[in-house]
Structures are given as structure tokens and as C-alpha cells.
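Remarks on the structure that follows.
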Amino acid sequence: MKILVTVKEVAEAEDDFEIDGLDIDERYLEYDLNEWDDYAVEEAVSIAEEGDDVEVVSVTVGPERAEETVRMALAKGVDRAIRVWDDDLATAEMLDVGAKADILAAVVEEEDPDLVFTGVQANDDAFGATGVALAETIGFEWAAVVNRLDLDVEGGVASVHRELEGGVDELTDVETPAVLTIQTGINEPRYASLRGIRQAQRKPLDVKELGDYGLDSSVLETPVSRTAMYVPETESDATVFEGDAEETAGQLADLLRDKGVVEG
Amino acid sequence: MTDVLAIAEHRRGSLRDVSFELVTAGRELADARGGDLHLAVVGGDVDAFAEELNVEGVDTIYTVDEGEEFNHDVYVQVAQQLIEEVEPSTLLLPNSVNGLDYAPAVAERLGVPIVTDAIGVAGDDPLEVTREMYGSKVETTIEVDAPELVVTIRSTEWDGAEGEGSADVQSFEADVDESQVRSTVTGFEEAGGGDVDIADADVLVSVGRGIDEEENIVLVEKLAEALDATLSSSRPIVDNGWLPKNRQVGQSGKVVTPKVYIAIGISGAVQHVAGMKGSETIVAINTDPNAPINDLADYAIHDDLFDVVPALIEEFGGESPL
Ligand SMILES: Cc1cc2nc3c(=O)[nH]c(=O)nc-3n(C[C@H](O)[C@H](O)[C@H](O)COP(=O)(O)OP(=O)(O)OC[C@H]3O[C@@H](n4cnc5c(N)ncnc54)[C@H](O)[C@@H]3O)c2cc1C
């Protein structure tokens with residue numbers, strides 16, 4: 001069995017930042033493995049550990065910088081990694097959902113996995129759409145926002161819990177092959193061990209161009225563009241308590257006493 | 001092709017609020033484009049749903065009598081057939097867990113772009129969608145220069161439509177190919193009850209990822225004890241197993257409306273806010289003065305929780321454990 005996990009390196013903005021044109025200035029961005037993908041990687045790796053002959057392959061669409069994140073996934077137990085990047089991708093203004101699905105679909109076609117795990121969403125742009133769009137593109141069945149998975153490999157069924165709103169899970173049987181978008185909390189992602197980190201250096205990390213999958217820059221054409229980014233006018237009318245911690249704690253204590261919700 | 005088609009959402013016999021918010025957003029968009037607003041409801045007691053959905057602003061309601069509950073394989077097929085019938089420029093869907101389970105597939109099947117989690121939609125051509133990025137720290141404008149598209153809207157950003165409607169209610173016969181239905185909903189499960197109901201509390205001391213380590217949870221436990229309050233949390237604390245699931249506030253946890261909600265090291269992500277914005281008084285303790293939680297807070301302390309919380313415990317005669 002083969003599981004393909006999509007992995008994204010996401011940017012997080014520091015507390016203080018500036019916007020430069022259509023994005024936050026590079027200097028104020030920190031990069032990390034997408035939180036949801038960490039759970040997707042763990043889910044795949046733990047299935048591989050329990051089963052015989054399960055290969056876990058990760059795929060990332062991203063620049064060289066993302067290799068640090070990819071190595072982290074390898075250190076956690078992914079067997080082999082693919083990173084798709086080329087000049088066309090580097091100069092693309094925006095990768096919209098359709099473009100991502102098309103690129104990942106080409107990778108799926110080549111790799112022929114039984115399952116694809118993606119994160120529910122990426123921390124940075126939070127579109128939350130890639131996994132389901134990919135499933136449709138490749139003709140796989142799917143389930144979004146999965147917080148529990150029982151796999152019946154022989155029966156070709158993934159029994160999942162989908163986490164709906166309000167603390168309710170939907171129980172669904174999904175035919176495989178399938179794309180599952182993985183929710184945080186489904187497992188406990190491991191930390192990479194030192195041994196894992198050493199091993200990761202020797203694991204294959206292939207860099208592929210769109211052309212390697214028979215794609216060209218037309219796959220990136222999209223009617224969707226970002227035309228502005230700004231910090232919204234603050235809606236805050238909060239009273240800010242000033243001073244050192246003792247002073248602010250004192251003011252908050254007074255407030256709580258005034259409200260009559262605490263004693264003492 | 002200036003019409004808008006929206007598809008309502010229901011679960012276990014009830015329409016969800018976002019269905020009425022779709023009407024408001026859809027009406028706005030249809031007006032801006034000079035078109036009609038069509039609303040469809042798929043599965044369940046469609047006639048009763050249609051009656052409820054017949055509020056001001058809806059031109060046509062299509063009832064599609066297919067199954068009881070949401071199934072994405074059915075919804076994708078029905079959406080596609082409705083689109084062929086109505087030929088809308090925009091398909092408007094909720095950015096809910098179920099919305100995100102089929103909207104991207106519909107867009108992909110039709111070969112049209114999708115923009116999710118909209119908090120604003122301007123009707124000019126090209127369509128301009130407002131959405132957030134980087135954990136609600138910034139907003140962006142997304143322009144879509146296409147004749148047709150799919151947009152999902154964030155819940156509670158638009159008011160729910162009310163009033164008596166005069167929609168033309170029609171039954172729509174969908175032709176669902178059962179061989180394409182490859183998933184089966186077998187039931188629902190309620191997340192466990194547990195020892196406390198945080199929804200009952202007058203004062204919630206709520207802790208987020210700013211607490212950093214499991215060992216530090218004692219600090220907020222001690223504060224809750226000193227204030228005679230109840231301890232709750234954001235999702236990552238529960239995901240990490242530091243507190244049980246019944247303590248989680250938010251979209252996938254509990255909705256709480258205490259007299260005072262003290263958010264400690266919580267950024268205020270939209271899914272968290274969904275569970276606590278109805279609190280009477282909100283206090284935020286956060287090192288980041290720009291954290292979105294500040295937009296909601298009535299009182300804020302922009303400082304390190306590891307300084308403020310011990311001082312607060314001492315204010316109430318307790319002793320800081322750290
Ligand atoms: C489908 C779905 C459902 C979800 N459901 C929920 C839900 O029900 N509930 C929920 O909470 N989330 C939910 N989430 C997750 C949500 O998107 C956020 O990831 C989460 O709320 C973030 O939690 P946080 O604010 O504790 O962490 P972060 O966003 O990481 O924020 C931590 C905050 O702590 C502050 N901080 C750090 N150190 C300190 C310090 N020393 N002193 C003071 N402040 C400090 C930081 O400035 C920051 O603002 C859901 C997500 C999805 C996709």
C-alpha cells in the first residue's frame with residue numbers, strides 16, 4: 001500500500017509586521033510545517049508502522065527553502081519526498097485551488113497511491129479546499145475534516161469520523177482509493193528523533209518540474225488574483241490596562257470584584 | 001447569467017443558521033448584478049424546510065427530495081444539475097464543514113474557480129471577495145475575473161434573512177447516479193459529556209497555546225481555583241491532550257456565554273471566536289497587541305501571561321505554582 005501525504009510549508013506573521021505590496025514583507029514571516037499536515041504525516045506514518053509494506057511519500061509544491069520542512073517530515077518517518085518547483089511556479093502570482101489540484105493530480109497519477117492525506121487547511125491562506133478539489137480531479141472518493149480513521153484495507157473501506165460543528169461527529173464509510181483531509185487532534189504527532197533526523201538526510205528527496213509531469217505553465221493560469229492586502233481597521237474598543245504585571249493584575253482584580261463575579 | 005444560486009444546509013432535521021445568512025449574502029450579490037436569487041434545499045423534509053426558508057429576498061426555492069442527511073456525492077451531483085437548470089453566475093455555499101466537503105468538488109467538476117471563507121462580496125464585475133489570511137491578522141481582496149464561480153461564506157458574517165417571503169417554490173427532480181455515491185453516512189456521535197459543563201459557568205478562565213507547556217497548565221488551574229471560576233481552553237490545548245475535550249470552546253467545541261471570559265494566550269481564531277463571542281465581558285491577556293482577540297475584548301492586558309497570571313492569583317490570596 002502507498003500513502004501520499006501533501007505537505008505545505010506555511011508562513012506565519014510575527015507580532016509586528018509590515019505589508020509590502022500584496023503580501024507581508026518577507027522579513028516578518030517565519031516558516032514552518034503546516035500544523036494540519038503534521039497530523040496528516042503522523043496518521044500516514046503510524047499506519048505504515050502498523051502494517052506490512054506500506055510506503056509513505058510526501059509531496060510539496062514549494063521553493064528550496066521548504067526542504068527544511070520536508071526533511072522534518074522525512075525525519076518523522078516519511079519514506080520518500082517529492083518537491084515540485086520550477087521557474088514558472090516561482091514567478092506565478094497566485095496558486096489557486098484549481099492549479100494546486102491539477103499539479104497534485106499529476107503527481108498522484110505518477111505515484112498511484114491508495115490513499116492521499118492532506119491537512120484540513122493551511123495555516124496561512126486557510127482556503128481549506130485543496131484536498132477535496134484534488135479528489136474530484138483524480139476521481140478518488142474523499143472525506144473532509146477527518147478526526148478518526150479506521151482502515152479496512154482488504155474491504156476497500158475507510159471508516160471515518162468527520163468533525164462537524166458543535167461537538168458532533170459524522171460517521172461515514174468511504175470507498176478507497178480516497179483523499180482524506182486530516183483534522184488536528186486525530187493523533188499525537190511525534191517529535192523527530194535524532195536518529196530520525198540523521199536518517200532523513202539519506203532519504204530520497206526528488207525535485208520535479210512541471211514538465212516532468214507533462215504539465216506546462218498553462219496549468220497556472222487562473223482568473224483569480226489577489227489585488228490587495230491590508231490590516232483591517234481595528235474594531236477594538238477595549239480598555240487596555242497599562243502598567244507592570246502587578247498593576248494590570250490589580251486593575252483586572254478590581255474589575256472582577258466590581259462585576260460581582262468573584263469574592264475576595 | 002447574473003443569477004445567484006445558494007444551497008441551504010441542514011442537519012438532523014433542522015436548518016442551520018448559515019442557510020439564512022446565505023440568503024442575505026445572495027440577495028446582496030444578486031441585486032448588485034441585477035439577477036435573481038435561487039435557493040435550493042436538498043434532502044430531509046424539504047417541504048417544511050422550504051416553508052421556513054421562504055423569507056424576504058428569495059426569488060425561487062427548489063426542493064430536491066434526495067435522502068435524509070447530507071452526503072457529498074449526492075450534493076455534488078444535485079448541485080451540478082441545478083446549475084445546468086438555473087445557469088447562475090455564482091454558486092454560494094456555506095464555509096461549513098459540510099460546505100467544504102463538497103464546494104471544491106463542484107467547482108472542480110464544473111471547471112470554475114472557487115474562493116472560500118468569504119467575509120465580504122462586492123458585486124461589481126469582476127467579483128471582489130474579501131477574505132482573511134495569516135490567522136486573521138490581515139484582510140485580502142481576491143478578484144475573480146470569470147463568468148461563473150463558487151464562493152463559500154463564513155458563518156455569522158452576514159445577518160440571517162427574516163421576514164415573510166414570496167418565493168416561487170418548485171420541486172426539482174434530480175437524477176442521482178447511485179454508482180457515483182461511494183460514501184455512506186452511518187450515523188452521528190456526540191462528543192462525550194464529562195465532569196463539567198463549561199456552558200454553565202459564570203466565569204471562564206480560558207487558556208490557549210500561549211501557555212506553551214503542559215507543566216504550565218497548573219498556573220491557570222490555580223487561577224481558576226482562586227477566582228472560583230471554571231477552566232476552559234482553545235483547541236490546541238485539547239488536541240495536545242492537556243485538557244479534556246469537554247473544556248474546548250469554539251466551532252467544534254462548546255458555545256459559551258459566561259458573564260466574564262478571560263482569554264489567556266489565545267489569538268482569537270475565527271473557529272474559537274464562534275464559541276465565545278456571546279460572552280458578556282471579554283478580557284484578553286496576550287503579548288500581541290494585534291492579536292484578533294483584541295477586536296473582541298472589552299478589557300485587554302498586552303503583557304506576558306507568566307507575569308500577569310501569578311500576580312492575579314496573588315491578588316486573590318492564592319500562591320502561584322510557578
Ligand atoms: C474545522 C476547524 C475547527 C476548529 N475548531 C476550533 C474550536 O472549536 N476551538 C478553537 O479554539 N479552535 C478551533 N480551530 C483551530 C483554530 O483555527 C486555531 O488554530 C486555534 O483556535 C488557535 O488556538 P490558540 O489561540 O490557543 O493558539 P494560537 O493561535 O497559536 O495563539 C496563541 C496566542 O498566545 C499568545 N501568546 C504566546 N505567548 C504568550 C505569553 N507568554 N503571554 C501571553 N500571550 C502569549 C500569542 O500572541 C497568540 O496570540 C478549528 C480549526 C478548524 C480548521
Item checked: Debye, to nearest 20: dipole size of the protein assembly as shown, +1 on Lys, Arg Cβ, -1 on Asp, Glu Cβ -> 1160
Margin query: If I build a Gaussian network model for chain B, linking alpha-carbon pairs within less than 10 angstrom, which residue out of B:Phe70, B:Phe172, B:Phe188 has the largest mean-square fluctuation?
Written below: B:Phe188
Notebook entry, point to check: Mean shadow of the stretch A:195-264, computed from the convex hull of its alpha carbons, in nm²?
Noted result: 14.0
Margin query: Could you derive backbone 3J(HN,Hα) for the stretch B:38-45 from the dihedral phi with the Karplus parameters 6.51, -1.76 and 1.60 (θ = phi - 60°), listing whole Hz in sequence and x where the residue is Gly or Pro?
Written below: 9, 10, 10, 10, 10, x, x, 7
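I'd like the mean, over residues of B:177-185, of how many other protein chain beta carbons sit within 10 Å of each residue's own Cβ.
Mean number of neighbouring Cβ atoms from other chains: 4.
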Check: Given springs between every Cα pair under 10 Å in a Gaussian network model of chain A, which of A:Val231, A:Val145, A:Val57 has the largest fluctuation?
Finding: A:Val231
Margin query: Just to be sure I understand: of the beta bridges DSSP finds with both ends in chain A, what percent are antiparallel, rounded to 5?
Written below: 45
Next item on the list: Could you please state, rounded to a whole Å, how far the C-alpha centre of the stretch A:38-71 is from the C-alpha centre of the stretch B:139-192?
Entry: 33
Checklist line | Accessible area buried, both sides summed, chains A and B with 1.4 Å probe, Å² | finding: 7100
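Across peptide A:121-132, how many C-beta atoms of other chains are within 10 Å of each residue C-beta, on average? Can you show the working numbers first?
Details: counts 3, 0, 4, 3, 8, 11, 9, 9, 13, 1, 3, 12.
Mean partner-chain Cβ count within 10 Å for A:121-132: 6.
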Notebook entry, point to check: Under the classification rounded if a/c is under 1.5, otherwise prolate if a/b is larger than b/c and oblate if not, where does the stretch B:19-102 fall, given a ≥ b ≥ c as square roots of the Cα gyration tensor eigenvalues?
Noted result: prolate
Next item on the list: Work out how far the C-alpha atoms of chain B reach from end to end along every principal axis, then list the three figures in whole Å, largest first.
Entry: 68, 42, 36
Item checked: With Cα atoms, 0 to 90° folded angle of helix B:99-110 axis to chain B main axis -> 40
Note to self: With bins 10 Å wide starting at 0, give me the P(r) of the stretch A:45-91 over every alpha carbon pair, in whole percents.
What the structure shows: 26, 44, 21, 8, 0
Item checked: Acute angle (nearest 10 degrees) that the helix B:305-315 long axis makes with the longest principal axis of chain B, alpha-carbon atoms -> 60
Margin query: Regarding the stretch B:79-195, what's the average projected area of the Cα-atom convex hull, expressed in nm²?
Written below: 12.0
Next item on the list: Compute the FRET efficiency between A:Asp254 and B:Glu225 as 1/(1 + (r/R0)^6), taking r as their Cβ-Cβ distance and R0 = 22 Å, and round to the nearest 0.05.
Entry: 0.65
Check: What shape does the stretch B:63-120 have by the C-alpha gyration tensor, where a ≥ b ≥ c are the square roots of the eigenvalues, rounded means a/c under 1.5, and otherwise prolate means a/b greater than b/c and oblate the rest?
Finding: oblate
Checklist line | Charge sum, other residues only, whose C-beta stays under 12 Å from B:His272's C-beta, Lys/Arg counted +1 and Asp/Glu -1 | finding: +4
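Using 1/(1 + (r/R0)^6) with R0 = 35 angstrom and r between the beta carbons of B:Lys277 and B:Asp65, what's the FRET efficiency to the nearest 0.05?
So the FRET efficiency works out to roughly 0.45.
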Notebook entry, point to check: So who's got an amide H within less than 5 Å of the one on A:Val207, skipping anything under 5 residues away but keeping other chains? H placed 1.01 Å off N, in plane.
Noted result: A:Arg83
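Which semi-axes, in whole Å and largest first, does the equivalent ellipsoid of the stretch B:13-53 have when worked out from the alpha carbon gyration tensor as the square roots of 5 times its eigenvalues? Intermediate values should be presented prior to the final figure.
On the way: eigenvalues 99, 22, 8 Å².
So the three semi-axes of the stretch B:13-53 are 22, 10, 6 Å.
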Check: Using a ≥ b ≥ c from the Cα gyration tensor of the stretch A:2-220 (square roots of the eigenvalues), is it rounded, prolate or oblate, where a/c under 1.5 gives rounded and otherwise the larger of a/b and b/c decides, a/b for prolate?
Finding: rounded
Item checked: Using θ = phi - 60° and Karplus 6.51 cos²θ - 1.76 cosθ + 1.60, couplings along the stretch B:280-292 (whole Hz; Gly, Pro as x) -> 5, 10, 10, 10, 10, 10, 7, 5, 9, x, 9, 4, x
Next item on the list: Relative to the longest principal axis of the C-alpha atoms of chain A, give the angle of the C-alpha long axis of helix A:35-50, reported between 0 and 90° and rounded to the nearest 10°.
Entry: 50
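Ignoring everything except DSSP H segments at least 4 long, calculate the 222 nm mean residue ellipticity for chain B; use -39,500 (n - 2.57) per segment, divide by total residues, nearest 500.
Details: 9 runs with 86 residues, N = 322.
Mean residue ellipticity, 222 nm, calculated: -7500 deg cm²/dmol.
Rounded to the nearest 0.05, what FRET efficiency is calculated for A:Thr234 and B:Glu84 with R0 set to 41 Å and r the Cβ-Cβ distance?
Details: r = 45 Å, r/R0 = 1.10.
E between A:Thr234 and B:Glu84, to the nearest 0.05, is 0.35.
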Next item on the list: Output the peptides B:38-49, B:120-131 sorted from most to least packed, where packing is the average of other Cβ atoms within 10 Å over each peptide's residues.
Entry: B:38-49, B:120-131
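Please report the net charge: other residues with Cβ closer than 9 Å to the Cβ of A:Thr184, K and R +1, D and E -1.
Numbers: positive: B:Arg235; negative: A:Glu35, A:Asp38, B:Asp239.
Around A:Thr184, the surrounding residues sum to -2.
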Next item on the list: May I ask for the distance between the Cα centers of the stretch B:210-263 and the stretch B:281-314, given as a whole number of Å?
Entry: 14
Notebook entry, point to check: What are the lysines whose alpha-carbon lies under 19 Å from the alpha-carbon of A:Lys2, with same-chain residues fewer than 8 places away excluded?
Noted result: A:Lys76, A:Lys203
Check: Kirkwood-based Rg over Rh for the stretch B:4-180 (C-alpha set), two decimals?
Finding: 0.94
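Taking each residue of A:92-98 in turn, how many C-beta atoms of other protein chains fall within 10 Å of its C-beta, and what is the average?
Working: counts 0, 0, 1, 0, 5, 9, 7.
Whole-number average of other-chain Cβ neighbours for A:92-98 is 3.
Packing-wise, with mean Cβ within 10 Å as the measure, how do B:306-318, B:142-154 rank, highest first?
Working: B:306-318: 19.8, B:142-154: 21.5.
By packing density, highest mean first, the sequence is B:142-154, B:306-318.
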Notebook entry, point to check: Per Stokes-Einstein, at 10 °C and 1.306 mPa s, what whole-number D in µm² s⁻¹ belongs to the stretch A:131-247, with the Kirkwood radius over Cα pairs as the hydrodynamic radius?
Noted result: 79
Check: Just the accessible area per residue of chain B, please: how many Å² with a 1.4 Å probe?
Finding: 38
Next item on the list: Quick one: which residues, 5 or more positions from B:Val121 or on another chain, have an amide H under 5 Å from its amide H? H modelled 1.01 Å from N in the peptide plane, none for Pro or chain starts.
Entry: B:Thr130
Note to self: Skipping prolines and chain starts, which residues have an amide H placed within reach, meaning under 5 Å, of the one on B:Ile61, given they are 5 or more residues away or on another chain?
What the structure shows: B:Leu39, B:Asp168, B:Val169, B:Gln170
Item checked: For the protein assembly as shown, alpha-carbon Rg relative to the globular expectation (2.2 N^0.38 Å, N residues) -> 0.97
Notebook entry, point to check: Using θ = phi - 60° and the Karplus curve 6.51 cos²θ - 1.76 cosθ + 1.60, what whole-Hz ³J(HN,Hα) does each residue of the stretch B:111-119 get, with Gly and Pro shown as x?
Noted result: x, 10, x, 10, 10, 9, 6, 5, 10
Item checked: Value of relative contact order over the stretch B:195-290, rounded to a whole percent, pairs C-alpha under 8 Å and six or more apart -> 31
Next item on the list: Could I have the simple spin-label model distance between B:Asp304 and B:Asp17, label points 7 Å from Cα toward Cβ, reported in nm to one decimal?
Entry: 3.9
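The values are calculated or read from the model by the stated rules, or taken from the named source; none is laboratory data. Since the structure is predicted, the reported quantities are computational estimates derived from the model, not experimental observations. Cβ sites come from the backbone with ideal geometry, for glycine too, and all protein chains shown count toward neighbours. Heads up: the accessible areas ignore ligands, DNA and RNA and are worked out on the full protein's heavy atoms, side chains in. Shrake-Rupley method; radii C 1.70, N 1.55, O 1.52, S 1.80 Å.
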